[in-house]
Structure formats: C-alpha cells, structure tokens
1. Under a crude label model (7 Å from the Cα following the beta-carbon direction), how far is D58 from D164 in nanometres?
2. For K128, give me every one of the aspartates and glutamates with a C-alpha distance below 13 angstrom, ignoring sequence neighbours fewer than eight places off in its own chain.
3. Computed FRET efficiency, Cβ-Cβ of R297 and E44, R0 22 Å: what is it to the nearest 0.05?
4. Show me 297-308, 454-465 ranked by packing, highest mean number of other Cβ atoms within 10 Å first.
5. Starting from the 7 Å offset along Cα-to-Cβ, what nm value, one decimal, do you get for the label separation of E471 and R351?
6. How high is the FRET efficiency from A31 to K211, r the C-beta distance, R0 60 Å, rounded to 0.05?
7. Label points 7 Å out from Cα along the Cβ direction at C71 and R125: separation in nm?
8. Using R₀ = 25 Å, calculate the FRET efficiency as 1/(1 + (r/R₀)^6) where r is the Cβ-Cβ separation of K260 and A187; round to 0.05.
Amino acid sequence: MENIQSKDQQGRIIDLLYKTSGNGSYRELSAESAKDIALYEVIEFMTGAEEEQKVLKDIMSKIPEDPADICYRQEILKDLMENESLYNTVKDSIDAIKILQFYNTGAKRIREKDNSLSGLLEELRELKVYVEVIETLSKSLMESDIKSEGLLALRETLKAISEDESFRSVKPDIEKIHEDLQAARGAVIGVTLTADLDIENVTAIEFVDYKPRSAYTIMDYKVTALASNPFNKYKYQDPLLTAMTPHLKKHLWKHFGEIKHLIRKHSKYDSRLLTNLYSGLVFYVNAARLGKKLEERNCSVVFPEIAPGHELEIKGLYNIRLAIKGQDDIVKNDFAFKDKEKIFILTGPNRGGKTILEQGLGLISVMASLGMFVTADSFKGLPFKSVLTHFPIDENLTINYGRLGEEAVRIKEIVKQADADSLLLFNETFSTTSAADALYLCKDLIHILKDKGSCVIFNTHIHELASCIPEMNGWEGSSRIVSIVMEIKDNRNTFKIKRSEPDTSSYAKNIAEKYGITYDQMKEI
C-alpha cells in the first residue's frame with residue numbers, strides 16, 4: 001500500500017511520516033495482531049484522548065517497508081525528544097491545527113454557501129489561527145537545534161511563507177479589523193411604542209464603546225449569527241429582536257466589504273498545508289511523551305541501529321507493558337534472529353513469561369519499524385516489515401468452524417502473507433486437538449515457514465515438538481530450528497530464556513508445588 005502525501009501552495013511536498021517522495025509504502029498490521037501483542041494497550045497509555053488514539057491506531061498499524069522511512073522518522077522523533085521547547089510548541093500547535101481541521105471540513109462547506117457577515121468572520125478566524133500557527137512553529141523551529149531532514153524541510157517551508165511580503169501584511173490587516181469590531185461594546189437603541197405599549201418601530205441605533213447598563217433587563221441573548229434569527233425554531237419570535245436585526249446588520253455592513261477584501265487578498269494561503277501534518281504531529285508528540293514517561297520510570301529506551309541484512313540482535317529486551325504497569329525489577333532478555341537461526345520452539349511453565357516474551361518481541365519490532373525508540377538496551381539490524389500472530393481467541397468466535405477449523409482458516413491466511421521479512425508469533429496453536437494430531441499439524445506448519453525463510457517464535461506445550469528438531473533441521477533450508485525454554489531455578493521462574501530441551505518433569509513439579517498438590521504437600525492436608 002502507498003501513502004498519500006500533501007503539498008503546500010507552491011507545490012512543495014510536506015510529509016513528516018514518509019521520506020520517499022510520494023512512494024512511501026507500508027504493510028498493514030491486522031487488528032488481530034495489534035490486539036495479540038497488546039499494541040492498543042500501549043496506545044491507550046500514550047494518550048487518553050479518543051481522537052488521538054484513533055490517529056495513533058491508524059499510523060501505528062502501517063509498517064513502512066523502506067528503511068529510509070524508518071530512519072527519517074527516528075531523526076524527527078529524536079529532535080522532539082531532545083528539544084523540550086520545540087516539543088511543547090508542537091504539542092500546543094496540535095490543538096490549533098485541530099481547529100483548522102474543523103474549518104476545513106463540514107464548517108467550510110457550510111460557510112461556502114453562507115455569504116453573510118458571520119460567515120466571513122469565521123473565515124477571518126480561520127486565517128487568524130493559520131497565521132498564528134505558522135509564526136509560532138516557524139519561530140520555534142528556527143530557535144531549536146534540529147537535525148532531522150523532515151523538520152529542517154518544514155522549517156524552510158514555514159520560513160519562506162512567514163517571510164513572504166504579502167504574508168507579513170496579514171497580521172496587521174487582521175488586527176485592524178479586529179480593533180474596529182471590538183470597539184463596539186454595545187448598542188443603544190430607541191424604540192417607539194404604541195398606546196398599548198407594542199413596538200411600533202426602532203427609531204435609532206448607536207454603537208458605543210461600553211456595555212450599556214440599565215435597571216431593566218428585557219432579555220438576555222448572545223448574538224452568534226446576525227444573519228439568522230435564533231428564535232426561528234420557535235413559533236413565537238421576539239418582536240424587539242426581529243425589529244433590531246436588520247438595523248444592526250445595516251450598521252455592521254461596512255465591515256462586510258473590509259473583511260471580504262481581506263479574505264480575497266490572502267486567499268492563496270491554504271490551511272491544508274498545516275492540517276495535512278496533523279496526524280504526523282500527533283504521532284511524534286505522543287511517541288515523545290511515551291519516551292519521557294519511560295525515562296522517568298528509569299526504564300531504558302534506545303533508538304534502533306538500522307543495519308542491512310536479515311539478522312537482528314536485541315540486548316536487554318523487556319516488554320513495555322510491564323513498565324506501563326509500574327512493575328519493579330523487570331527481567332530483561334537477549335534475543336537474536338540470524339540467517340542460520342530463524343525458528344524457535346519456545347516451551348516453559350505456565351506463567352513463566354512465554355507470552356510476555358512473545359508480546360515484547362512483537363511490540364519492539366513494530367515500534368522499531370515505525371521509527372520509534374524501543375524498550376531494550378540495544379537493537380541492531382533491520383526491523384521486520386510485518387508481524388503476524390496466532391494467539392488463542394474467544395470461544396464464541398469459533399462457532400462457525402469449531403476451534404480447530406477456526407485455527408486452520410487463520411493459519412492459512414498467515415502462511416499466505418508470510419515471507420523472509422516477517423515475524424510470526426504463535427501462542428499455543430493447535431492446543432485443543434489431540435497431542436498426536438497437534439504434533440503432525442505443527443510440524444507441517446513449521447516446515448512451510450522454514451521454506452519461506454520467516455522468523456518464528458512457536459510458543460507451545462507440545463514438548464514432543466522440540467524432540468523432533470533434529471528431524472526438522474534435516475528439511476531443506478539453511479536456517480536451523482532451535483529449542484528455547486523459560487528457565488526455572490530452585491523451582492522458581494526466573495523469566496529468563498535459555499537454549500535447552502524442554503524439561504517436562506521440572507515443569508510439572510513446579511506447577512504441582514505452586515498449587516500444593518505434590519504427594520508430600522497433600523499428606524499435610
């Protein structure tokens with residue numbers, strides 16, 4: 001899939017997410033995989049704003065295929081994390097750009113049909129916000145020590161706009177009109193009454209620079225749109241307001257021409273230059289905030305060293321979920337995928353950290369591919385272009401095919417998408433069928449993935465699968481299959497991985513002692 005980039009009014013490409021001049025391609029991370037690796041949980045920790053969560057889910061489910069895009073994003077994020085003033089300015093600008101988005105959507109279409117003074121005032125407000133954002137962002141970028149190609153390009157673009165002679169005249173023009181409009185603080189009206197005290201006519205209106213006060217208050221009303229009567233939806237219309245409206249419009253009409261002239265004069269400035277940056281800025285600001293939160297909790301974060309090839313080495317990996325939950329003494333692991341070692345059979349005790357390890361690898365791969373920092377001490381290599389998962393699902397979702405049928409459908413689709421650039425995470429796959437059938441199915445699945453050259457973590461309780469590794473390593477393909485286990489020391493889970501054959505007796509003993517069902521423990525009951 002390809003990303004659509006935006007251009008400013010001079011045709012300059014402005015894109016903070018992709019470097020590759022309109023050809024930024026990506027692979028989609030499925031909602032199922034995002035859920036399996038707990039990506040949505042991370043996004044919810046990044047921001048509590050639902051709209052921003054939606055933006056993040058969209059961006060963070062699109063994994064760039066070009067390493068140049070990954071490095072491009074890394075540098076932008078580094079600039080924001082290293083320049084606190086710039087970070088704060090960008091964060092504050094997001095709200096203003098959100099206002100511009102509102103003006104550019106339904107509100108703009110409504111205004112295009114509204115040739116009233118209030119409609120022009122809305123366009124004036126949009127122009128005012130646009131000018132303020134351009135000036136604020138441009139100033140902050142000029143004063144910051146930035147190095148990223150994306151922000152340097154944005155700085156030059158905003159600088160060119162802000163230094164344009166016609167742009168420099170926008171602010172004074174707006175200030176003059178606002179000064180004129182704000183000079184009128186109230187209106188004094190003269191009303192001629194009939195003998196029955198009905199309103200005969202409005203005899204005079206005079207605008208004054210103060211708020212009139214009287215012992216009598218006829219009504220409280222804030223005029224938001226002089227072109228329409230706010231009481232139209234009611235059968236009864238206030239006669240005084242009805243009589244006043246055309247006269248108020250007449251007195252304000254002199255501003256109509258001034259504002260319309262100003263809007264036309266500066267019509268070449270298109271706020272879409274900024275609104276098209278909204279999603280990218282939301283991503284970087286929230287990613288930077290996440291990095292700050294982790295550092296405040298003394299959790300290590302590092303930017304990946306992107307290197308060519310299909311080998312990946314990670315030191316001090318930990319699952320960000322543990323940090324989010326505030327867990328102390330988080331256990332770290334080292335992990336590596338090499339040309340000769342791509343498929344790992346993972347076994348270990350229940351609650352020994354197998355799923356946490358798998359999720360951690362999935363999250364760290366996605367974060368690295370998105371150009372973010374990762375939760376590790378070091379990361380060297382080329383991130384995966386796709387992460388495919390098969391975790392247990394709700395039994396209610398298997399009603400059409402049955403559990404095994406559902407697994408078969410999902411696995412077939414996963415295999416179809418898998419290639420040498422994919423990371424595949426399996427969690428207790430085929431665990432609901434018999435041991436003999438599960439072993440047969442698992443071997444066939446691993447065989448085809450070995451042919452494809454994919455990187456695989458196969459988390460399973462089928463310990464017999466590991467004993468078949470010598471046989472499976474005899475299959476065609478240069479990559480070896482490796483058995484790894486979650487370590488137990490002194491009958492305690494260490495949450496560390498090690499290369500070893502499964503030790504079924506130690507797992508059973510560990511579980512039995514934990515739940516008090518060894519022979520000696522049950523004798524004491």
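1. So the two model labels end up 2.6 nm from each other.
2. Those aspartates and glutamates meeting the cut-off are D173, E175, D270.
3. Efficiency for this residue pair is about 0.85.
4. Packing order, densest peptide first, comes out as 454-465, 297-308.
5. Roughly 3.5 nm, to one decimal.
6. After rounding to 0.05, the efficiency reads 0.60.
7. 4.6
8. 0.65
Quick note: the coordinates plus some simple rules give every number you see, no bench work behind them. As the structure is a computational prediction, the values presented were derived from the model and not from experiment. Glycine gets a Cβ as well: all are built from the backbone with ideal geometry, and neighbour counts include every protein chain shown.
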